[in-house]
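Q: Handing you a structure now.
The values are calculated or read from the model by the stated rules, or taken from the named source; none is laboratory data. This is a predicted model, so every value here is computed, not measured. A quick note on method: Cβ atoms are made from the backbone with ideal geometry, for glycine too, and the neighbour counts reach across all protein chains shown.
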Amino acid sequence: MKSDQMGTGHNNPSPRELPLSNQARFSSVLMKGAQEVSHEWFGFAQERVQKNMDGLNRLVGCRSVQDFVATQSDLMRDGLQQVIDTNKRIAELSVRVAEEAARAIQTQGGQARRAA
């Protein structure tokens, strides 16, 4: 069943209905997006390991309980901020990839309407 027959109100074909060239473009967009998201996660993990090692060195250097608690609080706040920033970048990447994939499908939809 074509997507315009599903009651969605859209005349765009599903990825299965795209010609091979558009399927390749659609797949390429999704693959590139997955690679970028993977790169972000690996970068996050690598940076987190380095910051954890630095934080451990800072904790070892603490001379009082108050200094230790303050340092630990700073490390937790920094870690949480890093998670938030990374997730924000991944969300932005995901939106961009979804928009690019939608354009690939819409391009085919426009070509199919012109050919009809």
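Q: Can you name the number of the only condition in (1) among the aliphatic types (A, V, I, L, M); (2) surrounded by 12 or more Cβ atoms within 10 Å (Cβ to Cβ); (3) modelled with pLDDT of 80 or more that A45 fails?
A: In the conditions (1) among the aliphatic types (A, V, I, L, M); (2) surrounded by 12 or more Cβ atoms within 10 Å (Cβ to Cβ); (3) modelled with pLDDT of 80 or more, A45 misses (2) alone.
Q: Could you give me the residue pairs with C-beta distances under 6 Å whose first residue belongs to the stretch 83-97 and is within 16 Å of F44 (Cα to Cα), whose second residue is of a type outside the set (G, A, S) and surrounded by 12 or more Cβ atoms within 10 Å (Cβ to Cβ) wherever it lies, and which are 6+ apart or on separate chains?
A: Qualifying pairs under 6 Å: T86/F44; R89/E40; I90/V37; I90/E40; L93/E36; L93/V37.
Q: Ok, one more. Within the stretch 59-67, identify whether any single residue is at pLDDT below 95 and among the hydrophobic types (A, V, I, L, M, F, W, C), and answer yes or no. Walk me through it before giving the result.
A: Within the stretch 59-67, the subset at pLDDT below 95 is none.
No, every residue in the stretch 59-67 fails to be at pLDDT below 95 and among the hydrophobic types (A, V, I, L, M, F, W, C).
Q: Ok, one more. Please give the number of the condition N11 fails out of (1) within 21 Å of A104 (Cα to Cα); (2) out of contact with any helix residue (DSSP H, G or I) (no Cβ under 8 Å at 6 or more places or on another chain); (3) modelled with pLDDT under 85.
A: With (1) within 21 Å of A104 (Cα to Cα); (2) out of contact with any helix residue (DSSP H, G or I) (no Cβ under 8 Å at 6 or more places or on another chain); (3) modelled with pLDDT under 85 applied to N11, the lone miss is (2).
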